[in-house]
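**Q** Dropping the structure in here first, questions after.
The values are calculated or read from the model by the stated rules, or taken from the named source; none is laboratory data. The model shown is predicted, which means the values in this text are computed figures rather than measured ones. Every residue, glycine as well, gets a Cβ built from its backbone with ideal geometry; the counts of neighbours run over all protein chains shown. To get the accessible areas, we keep the full protein, side chains included, count just its heavy atoms, and leave off ligands, DNA and RNA. Shrake-Rupley method; radii C 1.70, N 1.55, O 1.52, S 1.80 Å.
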Amino acid sequence: YVYGYEGTDASAAMSTAYYETYGALYNWPAVMANGGSLLCPSGWHIPSDGEFTELTDFLGGESVAGGKMKDDVQWNGSNSSGFTGLPGGFRYSGGFFINGSGGYWWSASESGSSSWHRDLHTNYDSVYRFHYYRYYGFSARCVRD
């Protein structure tokens, strides 16, 4: 999904200003298709919930890691981790939401019929960990194997 674009032409979606800045949002099955190899290049993978936890622990814990993960140009973060998290918002059946004030990233880990993700928000330095239904559209991040 690309914010503000409702068609089916991938080239048209990728030519939008939103895509240029934030990329696409994906439901979890799309992220994990073929083990995540459709989105990630060879030698990379979608991080597990544990790998996200390892990152936030390394950055000082969930209560402060978000500020270190947020982009320092579009957000009020320091980006000292190099994660460069952008506020791409999310999508679900009702449309697109909080573009410009929140960013959501799927993990490769399941929780029953849901899957884990992390999110960042404009006015908070925290990283939030939740599990949501897999049809939501969130961003995806690849990490090196």
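**Q** Please determine whether any residue of segment 111-127 is modelled with pLDDT of 95 or more, surrounded by fewer than 22 Cβ atoms within 10 Å (Cβ to Cβ), under 12 Å from the mean Cα position of the chain (by Cα) and farther than 24 Å from Ser81 by Cα.
**A** No, segment 111-127 contains no residue that is modelled with pLDDT of 95 or more, surrounded by fewer than 22 Cβ atoms within 10 Å (Cβ to Cβ), under 12 Å from the mean Cα position of the chain (by Cα) and farther than 24 Å from Ser81 by Cα.
**Q** Of all residues in segment 83-107, count the ones that are in contact with a helix residue (DSSP H, G or I) (Cβ under 6 Å, 6 or more places away or on another chain) and among the hydroxyl-bearing types (Ser, Thr, Tyr).
**A** 1
**Q** Answer yes if at least one residue in segment 84-97 is farther than 27 Å from Glu6 by Cβ and open to solvent by 20 Å² or more (accessible area, probe 1.4 Å), and no otherwise.
**A** yes
**Q** How many of the residues making up segment 34-47 are of a type in the set (Gly, Ala, Ser) and either assigned to a helix (DSSP H, G or I) or crowded, with 18+ Cβ neighbours inside 10 Å (or both)?
**A** 2
**Q** Still on this structure, I have one more. Sort out which residues of segment 1-30 are in a helix (DSSP H, G or I) and of a type in the set (Ser, Thr, Tyr), and write them in order of number.
**A** Scanning segment 1-30 gives Ser11, Tyr18, Tyr19, Thr21, Tyr22.
**Q** Ok, one more. Within the bounds of segment 39-53, is there any residue that is free of Cβ contacts under 8 Å to residues at least 12 places away in the same chain and more than 22 Å from His121 (Cβ to Cβ)?
**A** Looking through segment 39-53, at least one residue is free of Cβ contacts under 8 Å to residues at least 12 places away in the same chain and more than 22 Å from His121 (Cβ to Cβ).
**Q** Any idea which of (1) over 19 Å from Gly88 (Cα atoms); (2) open to solvent by less than 40 Å² (accessible area, probe 1.4 Å); (3) within 16 Å of the chain's Cα centre (by Cα) is the one Val31 doesn't satisfy?
**A** Of everything listed in (1) over 19 Å from Gly88 (Cα atoms); (2) open to solvent by less than 40 Å² (accessible area, probe 1.4 Å); (3) within 16 Å of the chain's Cα centre (by Cα), Val31 misses just condition (1).
**Q** Can Gly60 be described as at positive phi and among the small types (Gly, Ala, Ser)?
**A** Yes.
**Q** Residues of segment 69-103 being in contact (Cβ under 8 Å) with a residue 40 or more places away in the chain and not in a loop (DSSP other than H, G, I, E, B), which ones?
**A** Residues satisfying the conditions are Met69, Lys70, Gly89, Phe90, Arg91, Tyr92, Phe96.
**Q** Looking at segment 128-145 only, could you name the residues that are part of a strand (DSSP E or B) and open to solvent by less than 40 Å² (accessible area, probe 1.4 Å)?
**A** Within segment 128-145, Gly137, Phe138, Ser139 meet the criteria.
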